[in-house]
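Every read-out reported here was derived from the displayed coordinates using simple, explicitly stated rules and does not represent laboratory data. Everything numeric in this text was worked out from a predicted model, so none of it was measured. We place every Cβ from the backbone using ideal geometry, glycine too, and count neighbours over all the protein chains shown.
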Amino acid sequence: MSSVLIGSSLSALSTGLGALIILFMHRSVTHRWRDSLLAFTAGIMMAASTMGLIPEALKIGGFPELAFGVFFGVLILTVMENNIPHIDLQHSNKQIQFDEKAMLIIAAITLHNIPEGLSVGVSYASTQGNETGNLIAFAIGLQNAPEGFLVALFLINQQINKFKAFIIATLTGVIEIITSLLGYFSTSYVKFLVPFGLSFAAGAMLFIIYKELIPESHGDGNERSSTYSFIVGLLFMILLIETF
């Protein structure tokens, strides 16, 4: 219980760590830098899902459970995408007044963190326990940091002061603590759900990688540098998996 709480909290608060950079910025960030950062986190999440979540799901259950869970994760993310407002934080120059519409966008960003929190909680409930849980929490935390930075950057572009932007961006990650505990308790007490939960998390992460992170990292003609960053992120996470 303490492990999942600590792991999920550190993972969620990484959003605020990324947003913290915004307080010390005095110049704009280039698209190349942002695209490379997105691609790097995509590589990290790819390694975490394919070398952490999927092998563990196959070990506990089997291919039918894996296939069902992955497709269910993709389905849920598809439904969320079709029903929750989305804004391209990296490439949109559109100014949105900070009113009900902006609050709706912040709510959308928060809701998009739900599958990530579930991934962490379910991982701690697996047979490998802390090992898999810490791995996924670390991977999600690395992904949350640039996400928090980009959310804060978006808010500043909407004429929100830096400190308020930092606070709001940090709060968008708090939902992950709640959903990770939900994922942990639901799969801990209903053991047959564990392989489904791990597979669901893998499917959700793969959807985010291919549908969101990779396309957004290729949006400004930085395909080559983003590809290199993706590979570096993938190898970096594999090194961590093999070392620890």
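Were the residues from Met25 through Glu81 laid out at 0.36 nm apart, the gain over their Cα-Cα distance would be 17.0 nm.
Size of the dipole of the range 120-230 about the Cα centre, Lys and Arg at +1 and Asp and Glu at -1 on the beta carbon, nothing else charged, in debye to 20? All intermediate terms of the calculation are to be shown ahead of the outcome.
Details: 5 positive and 7 negative charges, 41 e Å.
Dipole size: approximately 200 debye.
Our Cα-only numbers for the range 160-244 put the radius of gyration and Dmax at 17.4, 48 Å. With each label modelled as a point 7 angstrom along the Cα→C-beta vector, the Asp220-Gln159 pair spans 2.4 nm. Gyration tensor over the Cα atoms of the range 149-194: the corresponding equivalent ellipsoid has semi-axes (square roots of 5 times the eigenvalues, largest first) of 35, 8, 5 Å. Fully extending the segment from Ile241 to Val190, taken as 0.36 nm per residue of separation minus the present Cα-Cα distance, adds 15.6 nm.
Of the chymotrypsin sites (Phe, Trp or Tyr not before Pro) found in the range 169-200, those that fall in a DSSP loop while having at most 14 other beta-carbon atoms within 10 Å are Phe192. Spin-label model, Lys59 to Ile167: label points 7 Å out along the Cα-to-beta-carbon direction sit 4.4 nm apart.
Each label point was placed 7 Å from the Cα along the Cα-to-Cβ direction; for Phe72 and Ser3 their separation is 2.4 nm.
Give a quick list of trypsin sites (Lys or Arg not before Pro) in the range 1-77 that DSSP marks as loop, anything other than H, G, I, E or B, with at most 16 other Cβ atoms within 10 Å.
Numbers: sites: Arg27, Arg32, Arg34, Lys59; in loops: Arg27.
The qualifying sites are Arg27.
Based on the Kirkwood radius over alpha-carbon pairs, what value in µm²/s does the Stokes-Einstein equation return for the translational diffusion coefficient of the range 1-55 at 25 °C and 0.890 mPa s? Can you show the working numbers first?
Values: Rh = 13.7 Å.
D, rounded to a whole number, is 179 µm²/s.
Which peptide among 175-183, 232-240 comes first, and what is the full order, when sorted by highest mean count of other Cβ atoms within 10 Å?
Numbers: 175-183: 22.0, 232-240: 17.7.
Listed from highest to lowest mean packing, they are 175-183, 232-240.
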